[in-house]
Amino acid sequence: MSEHTASNFFSTFATAIADLSGKPATFVLAVVLVAVWAGSGPFFGYSETWQLVINTSTTIITFLMVFVLQNSQNRDGKALQAKLDELILSSQAQNKFVGIEKLNEQQLREMSKTLAEKAECVEDVAEEKAAEGR
């Protein structure tokens, strides 16, 4: 199996699991399983093994879900970024915004501050024009 094929398989798998895990029925199933586990406590005498079953199960599921959900989130983020880049390139927006997700934290803060200042200037001009029109 090539790396590309394995990557496609994992992406497809991660998308299916992420979609499934977000459904209300999946949540209900999880609640039912926990309720069954809790209800079985008296039968097993609330033993350490009984507790270990839920602890181990939830730990393994959580551990695996981190990777699955991160994969889905990474792909969604990249797709969204590509869409934004396309909008920037096809509009009157400044092309310097394409790829800004790769800037470091300080550069992003500076750009954000500059944009906030520009937005205030535009808002001030709009308010002045609105006042003149009254």
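The values are calculated or read from the model by the stated rules, or taken from the named source; none is laboratory data. Predicted model only: the values in this text are computed from it and were never measured. Note that we place each Cβ from the backbone using ideal geometry, even for glycine, and neighbour counts take in every protein chain shown. With ligands, DNA and RNA removed, areas are computed over all heavy atoms of the protein, side chains included. Shrake-Rupley method; radii C 1.70, N 1.55, O 1.52, S 1.80 Å.
Structure notes:
- All positions within region 67-87 that are open to solvent by 80 Å² or more (accessible area, probe 1.4 Å) and among the polar types (S, T, N, Q): Gln70, Gln73
- Extreme residue, least open to solvent (accessible area, probe 1.4 Å), among residues of region 43-66 that are in a loop (DSSP other than H, G, I, E, B) and on the phi < 0 side of the Ramachandran plot: Ser47
- In region 3-42, the residues that are under 27 Å from Leu69 (Cα atoms), surrounded by 12 or more Cβ atoms within 10 Å (Cβ to Cβ) and of a type outside the set (S, T, N, Q): Phe10, Phe13, Ala14, Ala16, Ile17, Ala18, Ala30, Leu33, Val34, Trp37
- Residue match in region 79-87 (condition: part of a helix (DSSP H, G or I) and either in contact (Cβ under 8 Å) with a residue 24 or more places away in the chain or within 30 Å of Phe27 (Cα to Cα) (or both)): yes
- Some residue of region 51-63 being modelled with pLDDT of 95 or more and over 31 Å from the mean Cα position of the chain (by Cα): yes
- Selected residue (criterion: modelled with the lowest pLDDT) from residues of region 88-125 that are surrounded by 10 or more Cβ atoms within 10 Å (Cβ to Cβ) and outside any helix (DSSP H, G or I): Ala93
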